[in-house]
1. Among the residues in the stretch 10-26, are any farther than 30 Å from Tyr76 by Cα and surrounded by 15 or more Cβ atoms within 10 Å (Cβ to Cβ)?
2. Do we find a residue being under 30 Å from Leu4 (Cα atoms) and out of contact with any helix residue (DSSP H, G or I) (no Cβ under 8 Å at 6 or more places or on another chain) anywhere in the stretch 26-37?
3. Which condition does Met40 not pass, out of (1) under 15 Å from the mean Cα position of the chain (by Cα); (2) modelled with pLDDT of 95 or more, if it passes all the others?
4. Can you report the number of residues in the stretch 47-69 which are surrounded by fewer than 16 Cβ atoms within 10 Å (Cβ to Cβ) and among the aromatic types (Phe, Trp, Tyr)?
Amino acid sequence: MTTLNPLALGYAGATVSAAVMLLLGVFGNMGIYLGAVQMMQAWHMFFSLSFVGIVGGMIEAAIISFVFLYAFAFVYNKFVVKKEA
């Protein structure tokens, strides 16, 4: 069984999360997906439809995604090593 690279998984998740926040901010400013925008504003402290809010939401989403996916890969690798031993 193979192991996961925690840094690679964390970076990939952070990149995708930041891109999704950017798209959500752009679409929200065009009046599309306003329900999703309202949910992101409720869930993220720094996200809003202003330029600073979009950038803040991107940074917040990237950090949260990196931490959770890095931790996930770390724990996954611990289980893989124990199973092989």
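The values are calculated or read from the model by the stated rules, or taken from the named source; none is laboratory data. Computed from a predicted structure; not experimentally measured. Cβ coordinates were reconstructed from backbone atoms using ideal geometry, including for glycine residues, and neighbour counts include every protein chain displayed.
1. yes
2. Looking through the stretch 26-37, none of the residues is under 30 Å from Leu4 (Cα atoms) and out of contact with any helix residue (DSSP H, G or I) (no Cβ under 8 Å at 6 or more places or on another chain).
3. Exception for Met40: condition (2).
4. Of the residues in that region, 2 qualify.
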